[in-house]
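Here the structure comes first, spelled out in structure tokens, and everything after it is commentary.
The values are calculated or read from the model by the stated rules, or taken from the named source; none is laboratory data. From a predicted model like this one, the values you see are computed outputs, not experimental measurements. Methodologically, a virtual Cβ is constructed for each residue, glycine included, from the backbone with ideal geometry; neighbour enumeration extends over all protein chains shown.
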Amino acid sequence: MLTNRDPTLNRFLCLFLLSLIFFIHACARYKIPTEKPTLLPERRIEKKGVYHIVERHQTLYRICKTYGVDIKEVAKSNGIANVSEIQTGQKILIPGAEEVLKVEIYIEDVASESVETKRERPGHPNMDFIWPVEGKRLALFEEEERKRHQGIDISSPSGMPIKASNSGWVIYSGNAIRGYGNLIILRHSEELVTVYAHNQVNLVDEGMWVEKGQTIAKVGQTGRASGPHVHFEIRRNNKAIDPLLLLK
């Protein structure tokens, strides 16, 4: 009982008890918020693989075949919409690869290339092709799989001039295609190209226009050749045909 105590003390005790009741009531209603876990920034997972830098005349198909990877997966990883359109110097991620590999250039890939120039030449080359050199025919065109030979071999002394069989653009001049040695490929139309292989030296550069009968190289025996000669091919829609069908 508080009646026998000092009135001031009684008021103090009453205020204290009321404050304590309000405090307890407030604590019961108030929920202390639980701390949310701190979210760490998302870690970017680096794709494993190597970057292949595209060299001239390489195709995405040939690159993927060399590395043994799926062309669709590579195209998706690199944002390539058209697998037939890659650029020289382009960096392409090869998923899963552990080292950069050498990608061979194949004549079929080069022979399918279009002319990379906006310059135009008047008229169109006719379908009369001249002999690139004069000489003995060492080997003829053979389509049978067992003894396939995709052109004709013409014997001629080393250093003799090789003529353009028809007018056209030089789409290849080099020696990076295995077996052919120093090689020149001319495009005469959307369908037709000619091939001149085992040259001693090439005298024209890629991107040049040459006239029918113009000297483009000299006879040699570079690449897989047992003696000086010209290996000559005519390809229609990238398929080798018998040159004798068009040579005059």
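Take ALA97 and decide whether it is modelled with pLDDT under 95 and over 13 Å from the mean Cα position of the chain (by Cα). In short, yes. In the range 199-208, the count of residues that are outside any loop (DSSP other than H, G, I, E, B), farther than 29 Å from GLU145 by Cα, without any contact (Cβ under 8 Å) to a residue 40 or more places away in the chain and polar (S, T, N, Q) is one or more.
Every residue, every condition in (1) among the charged types (D, E, K, R); (2) within 13 Å of the chain's Cα centre (by Cα); (3) at pLDDT 95 or above; (4) in a loop (DSSP other than H, G, I, E, B), yes or no:
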residue: ASN82; (1), (2), (3), (4): no, yes, no, yes
residue: THR88; (1), (2), (3), (4): no, yes, no, yes
residue: ASP109; (1), (2), (3), (4): yes, yes, no, no
residue: SER114; (1), (2), (3), (4): no, no, no, yes
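Please enumerate the residues belonging to the range 203-227 that are within 13 Å of PRO161 (Cβ to Cβ) and not hydroxyl-bearing (Ser, Thr, Tyr). Matches in the range 203-227: LEU203, VAL204, VAL210, GLY213, GLN214, ILE216, ALA217, LYS218, VAL219, GLY220. Residue check: CYS64 meets all listed conditions (1) outside the structural domain of VAL54 (by TED's automatic domain parsing); (2) modelled with pLDDT of 95 or more but one, namely (1). Put simply, of GLY174, GLY168, GLY159 the only residue that is closer than 14 Å to VAL115 by Cα and modelled with pLDDT of 95 or more is GLY168.
Every residue, every condition in (1) within 15 Å of ARG137 (Cβ to Cβ); (2) surrounded by fewer than 17 Cβ atoms within 10 Å (Cβ to Cβ), yes or no:
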position	(1), (2)
GLU191	no, yes
TYR196	no, no
MET208	no, yes
HIS231	yes, no
ARG235	no, no
ASN238	no, yes
LEU244	yes, yes
LYS248	no, yes
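For the range 226-248, the set of residues classified as under 30 Å from the mean Cα position of the chain (by Cα) and without any contact (Cβ under 8 Å) to a residue 60 or more places away in the chain consists of ARG236, ASN237, LYS239, listed by residue number. Scanning the range 58-80 for residues that are assigned to a loop (DSSP other than H, G, I, E, B) and touching a strand residue (DSSP E or B) at 6+ places or on another chain (Cβ under 7 Å) turns up just one, VAL69.
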